[in-house]
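Q: One structure follows; several queries about it will come next.
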Amino acid sequence: MSSTNSTFSVTGPAELLRRPDQQTLAILRELIAFDTVSRHSNLQMIDFIQDYLHQRHINARITFDDEHRKANLFATVGHGSRPGIILSGHTDVVPVDGQDWSSDPFVLTERDGRFHGRGACDMKAFIAIALAKVDAMLEADSSIPFHLAFSYDEEVGCLGVHRLLADLAQRKLSVLGCIVGEPTNMQMKTGHKGKRAFRCQVTGRSAHSSTPHAAVNAIEYSSELLAFLRAQSRELEQGPRDPRFDVPYTTLTTTMFNAGIATNTIPADSEFVFEYRYLPVQDPAPIDQRIRHFIETVLLPDMREKAAESTIELLPCIDYPALETPEGAQIQKIVAARAMPGEQSKVGFGTEAGIFGKHGIESVICGPGDINHAHRPDEFVTAQQLVLCEDFIGNLITDVAALKR
């Protein structure tokens with residue numbers, strides 16, 4: 001059955017029995033084999049994609065990081081003169097350290113209708129299918145082109161996409177909208193929370209544990225700040241709500257803590273990481289301000305009475321905006337016609353879609369796989385999800401080509 005002619009809105013027996021196209025699996029196998037954990041280079045994968053496109057006479061623009069160890073790739077498929085549709089994905093994956101895998105995480109392995117491998121779900125499957133559909137995009141000869149946008153360092157704070165978008169802005173490329181192919185079980189999502197994360201470094205004064213009066217205990221002052229953060233978290237739960245999220249309020253959570261060198265030594269240093277994920281309707285600035293005000297007016301004056309050198313530093317480590325796709329956005333209408341139905345229209349996890357949105361590019365999220373199957377040992381995407389995504393992009397190509405020139 002041709003993917004461009006199948007009905008996408010209902011999953012019937014044919015979709016359940018079909019295998020993904022061989023070209024999709026061949027490309028996915030290649031992509032999984034590249035160890036693009038964020039601490040490593042992604043250039044081999046970028047070179048592979050660039051060569052694949054070059055064989056089809058498609059030129060790709062490459063934007064590098066400062067060290068030229070990583071790169072984004074942007075390519076236009078087709079020669080249509082109207083604003084195009086971006087298919088966006090990130091090339092990096094999370095580490096496999098300490099995870100118990102049943103097979104090599106960098107070898108695509110099929111078991112019981114599931115395709116396992118690091119990044120199979122998040123989100124090399126979407127990239128593989130987008131590449132497999134390039135020939136169909138070229139054959140359609142649509143007045144609306146497709147753009148492929150593949151970034152680096154999404155998993156460590158959506159870092160690389162900023163350079164890609166800066167390059168697009170400089171070129172003044174006109175875009176109809178963007179589809180970010182993060183795993184959503186092929187349901188369209190029109191919003192996600194924003195995120196800010198901070199590394200908090202508390203510095204006091206060390207002393208022997210038998211003379212606590214001479215010390216400024218970094219753990220204890222960190223604990224006071226953590227208690228304040230917990231109180232803020234409870235307050236945020238009572239604040240603005242959006243039932244279209246699975247967690248309908250802004251969350252604030254501490255995720256890492258490190259301190260102490262010995263049982264009989266009062267620590268001078270303590271470090272922890274906290275984050276908050278805020279609703280699109282919420283301004284994050286007041287949250288920052290309340291935390292900093294507590295540090296500056298309550299904690300630091302008390303600490304510096306004993307040790308003038310005491311400090312508390314908040315170092316931003318992740319900051320990306322929320323996504324709220326405007327009602328009536330054309331990209332939303334186009335994707336809604338082919339996406340799978342779903343109850344929750346928004347997701348709590350972050351994506352690059354919010355950043356595209358901040359750059360004036362209306363965006364939605366829709367991709368194969370389940371986010372609950374990502375980042376874990378034996379990460380996988382099902383054959384059914386691959387087929388659904390193949391049909392989705394195939395139908396999208398047909399729909400776009402049918403629009404009036």
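The values are calculated or read from the model by the stated rules, or taken from the named source; none is laboratory data. On a predicted model such as this, the values are computed, not experimentally measured, just so you know. Counting neighbours? That spans all protein chains shown, and the Cβs are built from the backbone with ideal geometry, glycine included. Please note that ligands, DNA and RNA were not included when accessible areas were found on the heavy atoms of the full protein model with its side chains. Shrake-Rupley method; radii C 1.70, N 1.55, O 1.52, S 1.80 Å.
Q: Restricting to bridges with both residues inside the chain, how much of the DSSP beta-bridge set is antiparallel, in percent to the nearest 5?
A: Given both bridge residues lie in the chain, the antiparallel proportion sits at roughly 75 percent.
Q: Taking every alpha carbon pair in region 161-240, what does the distance histogram look like in 5 angstrom bins from 0, in percent?
A: Histogram of Cα-Cα distances, whole percents per bin: 3, 9, 10, 12, 10, 11, 10, 10, 9, 6, 5, 4, 2, 0.
Q: Dividing the alpha-carbon radius of gyration of region 71-192 by 2.2 N^0.38 Å (N being the number of residues), what value is obtained? Provide the component values of the computation, followed by the final result.
A: Values: Rg = 16.1 Å, N = 122, 2.2 N^0.38 = 13.7 Å.
Scaled against compact globular proteins, the figure is 1.18.
Q: Hey, another quick one. So, for the chain, what is the accessible surface per residue at a probe of 1.4 Å, expressed in square angstrom?
A: Details: 17790 Å² over 405 residues.
Accessible area per residue: 44 Å².
Q: Can you tell me the order of 274-287, 223-236 when each peptide is scored by its average per-residue count of other Cβ atoms within 10 angstrom, highest first? The partial results should precede the final answer.
A: Working: 274-287: 18.1, 223-236: 15.5.
Ranked from most to least packed, the peptides come out as 274-287, 223-236.
Q: For every other residue with a beta carbon closer than 13 angstrom to the beta carbon of ALA231, add +1 if it is Lys or Arg and -1 if Asp or Glu, then tell me the sum.
A: In short, 0.
Q: Hey, of (1) 1.02; (2) 0.96; (3) 1.04, which did the structure itself give for Rg/Rh (Cα atoms, Kirkwood Rh) when calculated?
A: Read-out from the structure maps to (3).
Q: Two decimals is fine: what's Rg over Rh for region 128-203, C-alpha atoms, Kirkwood radius as Rh?
A: Rg divided by Rh gives 1.06.
Q: Right, another one. Averaged over all directions, how much area does the convex hull of the C-alpha atoms of region 35-92 cover when projected, in nm²?
A: On the way: hull surface 18.1 nm².
If I average the Cα hull's projected area over directions, I get 4.5 nm².
Q: Right, another one. Compute the Kirkwood hydrodynamic radius of region 241-382, taking the inverse of the mean of 1/r over all pairs of distinct Cα atoms, and give it in Å to one decimal. Could you put the intermediate results ahead of the total?
A: Details: mean 1/r = 0.0525 Å⁻¹.
For region 241-382, inverting the mean 1/r across all distinct Cα pairs yields 19.1 Å.
Q: Sorting check: for 252-263, 90-101, which peptide has the highest mean count of neighbouring beta carbons within 10 Å, and how do the rest follow? Don't jump to the answer; show the numbers that get you there.
A: Working: 252-263: 12.6, 90-101: 17.6.
The peptides rank, most packed first, as 90-101, 252-263.
Q: If you take all C-alpha pairs in region 238-294, what percent of them are over 13 Å apart?
A: Everything past 13 Å amounts to 71 percent.
Q: I've got another one for you. Could you check the simple spin-label distance between THR254 and LEU314, using points 7 Å along Cα→Cβ, in nm with one decimal?
A: Label-label distance for THR254 and LEU314, simple model: 1.5 nm.
Q: Here's another thing I want to ask about it. Compute the length gained on full extension between THR211 and ASP269: take 0.36 nm times their separation in residues and subtract their Cα-Cα distance, giving the result in nm to one decimal. Could you put the intermediate results ahead of the total?
A: Working: separation 58, 0.36 × 58 = 20.88 nm, distance 1.70 nm.
Here the answer is 19.2 nm.
Q: Highest first, please rank the peptides 171-183, 117-129, 65-77 by the mean number of other Cβ atoms sitting within 10 Å of their residues.
A: My ranking of the peptides, most packed first, is 117-129, 171-183, 65-77.
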